[in-house]
Amino acid sequence: FGVELTMNNVAAGFFYNYQGVTPQLAGIAASMFGLMNIFARSLGGLLSDFCNARFGMRGRLWSCWIIQTIEGVMCCVLGSVTADMSAPYPADGPKYPAFVEIPKDEWRVALNSSWGWTPLVGNGCNVADADGKPFKVLACGTKSIKTTDAMKDCLGIQDKLILIQDPPLGHMMIDGEWTQIGHHDDCISHSGTFGIAVIIVIIFSVFVQMAEGLHFGIVPYVSRPALGIVSGMVGAGGNLGSVIATWTFFKGRYRTDDGIVNLGIMIIGVTLLLFGVHFPEHGSMLFKKGAIKYDPQIVKPPADYRGADLMDYSKAAGAQKDKPEVV
């Protein structure tokens, strides 16, 4: 659950700032992560029950470890897709004059109008921000801005919002001079990896949600008399894990894609703790029931203390039927 919360926090920003898509498209792409909850969490619960029917509690533990380890691997794959490319990092780095990529519309070609990468200052345009300063972005950076009437007239567009970016490394004629534009030839925003990143996010999310269902297939066996407390601790632990992961990997210390790789490594490492989970009455991943004399529950409930699923309500139901009616 903590991984889900973390990705909900960073996914939209990753697609917008790194992949260079509009905020609307970035939001839709990021929502694919949560959308997998429609079926994937239940699928994890079904898998846990299936493995329990075949192999007992050890099946639940092994299936949880396998799915969550794959989750960590997919997280690493997502970050690795762009890890070797240039990104708009650090956020406080130098900024450069912004350009707009004008689409190659048929009417522009017919009228011999300009299209492609177009400067906001130069070639007849002199567009500035509210403070009168030229628009600038980080190297390989992207920014969504609201267009003004002057901007629409200059660029020949009608869009209310446009993306200004650092263009790919190259040269173009600006005000009669052959000028270098862009600062990297391997920017993530110009790499065309947006589609593959969305596909990986969907696959990654499926395993994240399945792992959540698998965990709650194990939770009831931890302490049946204190099932509510254990469930609350598991949920709260996810929230705490999200806070720790977000502050550790996504607050400027690392690039976002590097942070995602580190998150995946953390997932794989933490999942190894499942090898230490042992139920005296069921066994563990490596040891069958009774193979070792180890009971991790230090404070044990009273012998006659039962959870709601083990209590016999038949006598209470009979007593209720025999109770005289009150007129």
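Look at Ala236 and say whether it is at pLDDT 85 or above and either open to solvent by less than 70 Å² (accessible area, probe 1.4 Å) or of a type outside the set (Lys, Arg) (or both).
The answer is no for Ala236.
Residue-by-condition table, conditions (1) assigned to a helix (DSSP H, G or I); (2) open to solvent by less than 20 Å² (accessible area, probe 1.4 Å); (3) under 30 Å from Ala26 (Cβ atoms); (4) at pLDDT 80 or above:
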{"position": "Gly192", "(1), (2), (3), (4)": "no, no, yes, yes"}
{"position": "Ala197", "(1), (2), (3), (4)": "yes, yes, yes, yes"}
{"position": "Phe207", "(1), (2), (3), (4)": "yes, no, yes, yes"}
{"position": "Glu212", "(1), (2), (3), (4)": "yes, yes, yes, yes"}
{"position": "Gly228", "(1), (2), (3), (4)": "yes, no, no, no"}
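Of all residues in the range 72-85, exactly one satisfies the criterion of being within 18 Å of Asp186 (Cα to Cα), surrounded by 20 or more Cβ atoms within 10 Å (Cβ to Cβ) and either of a type in the set (Gly, Ala, Ser) or at pLDDT below 90 (or both), namely Gly79. For the range 86-101, give me each residue that is part of a loop (DSSP other than H, G, I, E, B), open to solvent by less than 30 Å² (accessible area, probe 1.4 Å) and among the hydrophobic types (A, V, I, L, M, F, W, C). Answer for the range 86-101, where residues must be part of a loop (DSSP other than H, G, I, E, B), open to solvent by less than 30 Å² (accessible area, probe 1.4 Å) and among the hydrophobic types (A, V, I, L, M, F, W, C): Ala87, Ala98.
Check Asp257 against each of (1) farther than 21 Å from Cys51 by Cβ; (2) over 14 Å from the mean Cα position of the chain (by Cα); (3) in contact (Cβ under 8 Å) with a residue 40 or more places away in the chain and name the one condition it does not meet. Result: Asp257 fails condition (2) only.
Go through the range 40-89 and give me each residue that's among the charged types (D, E, K, R) and under 30 Å from Tyr16 (Cα atoms).
Initial filter on the range 40-89 (among the charged types (D, E, K, R)): 41, 49, 54, 58, 60, 71, 84.
Scanning the range 40-89 gives Arg41, Glu71, Asp84.
Determine if the range 123-132 includes at least one residue that is assigned to a strand (DSSP E or B), exposed (fewer than 13 other Cβ atoms within 10 Å of the Cβ) and at pLDDT below 85. Lay out the reasoning, then the answer.
Within the range 123-132, the first condition is being assigned to a strand (DSSP E or B), and the residues that meet it are 125-126, 128.
If we keep only those that are exposed (fewer than 13 other Cβ atoms within 10 Å of the Cβ) as well, we get 126.
Still in the list and also at pLDDT below 85: 126.
Yes, that holds for at least one residue.
Being open to solvent by 20 Å² or more (accessible area, probe 1.4 Å) and assigned to a helix (DSSP H, G or I) is the filter here, so list the residues in the range 11-24 that pass it. Answer for the range 11-24, where residues must be open to solvent by 20 Å² or more (accessible area, probe 1.4 Å) and assigned to a helix (DSSP H, G or I): Ala12, Gly13, Tyr16, Asn17, Pro23, Gln24. Of everything in the range 159-169 that is free of Cβ contacts under 8 Å to residues at least 60 places away in the same chain and in contact with an Asp or Glu (Cβ under 8 Å, 6 or more places away or on another chain), the residue that is least open to solvent (accessible area, probe 1.4 Å) is Pro168.
Residue-level analysis places Thr256 outside the set of residues that are surrounded by 10 or more Cβ atoms within 10 Å (Cβ to Cβ), in contact with a Ser or Thr (Cβ under 6 Å, 6 or more places away or on another chain) and at pLDDT 70 or above.
In the range 274-294, the residues that are in contact (Cβ under 8 Å) with a residue 24 or more places away in the chain and of a type in the set (S, T, N, Q) form Cβ pairs under 6 Å with partners that are surrounded by 15 or more Cβ atoms within 10 Å (Cβ to Cβ) and outside any loop (DSSP other than H, G, I, E, B), at six or more places apart or across chains, as follows: Ser284/His278.
So which residues in the range 170-188 are open to solvent by 40 Å² or more (accessible area, probe 1.4 Å) and either aliphatic (A, V, I, L, M) or outside any strand (DSSP E or B) (or both), if there are any at all? Outline the logic, then answer.
Residues of the range 170-188 open to solvent by 40 Å² or more (accessible area, probe 1.4 Å): 171, 173, 175-180, 183-186.
Result: Met173, Asp175, Gly176, His183, His184, Asp185, Asp186.
For the criterion of being over 14 Å from Ile202 (Cα atoms), touching a helix residue (DSSP H, G or I) at 6+ places or on another chain (Cβ under 9 Å) and open to solvent by 30 Å² or more (accessible area, probe 1.4 Å), Ser31 fails.
Just to be sure before I move on: is Leu5 exposed (fewer than 15 other Cβ atoms within 10 Å of the Cβ), hydrophobic (A, V, I, L, M, F, W, C) and either on the phi < 0 side of the Ramachandran plot or part of a helix (DSSP H, G or I) (or both) in the structure I sent? Reasoning before the result, please.
Details: exposed (fewer than 15 other Cβ atoms within 10 Å of the Cβ): no; hydrophobic (A, V, I, L, M, F, W, C): yes; either on the phi < 0 side of the Ramachandran plot or part of a helix (DSSP H, G or I) (or both): yes.
Taking the combined requirement at face value, the residue does not satisfy it.
The values are calculated or read from the model by the stated rules, or taken from the named source; none is laboratory data. No experiment lies behind these values; they were computed from the predicted model shown. Cβ coordinates were reconstructed from backbone atoms using ideal geometry, including for glycine residues, and neighbour counts include every protein chain displayed. Each accessible area value is taken on the protein alone, full model and side chains, heavy atoms only, with ligands, DNA and RNA left out. Shrake-Rupley method; radii C 1.70, N 1.55, O 1.52, S 1.80 Å.
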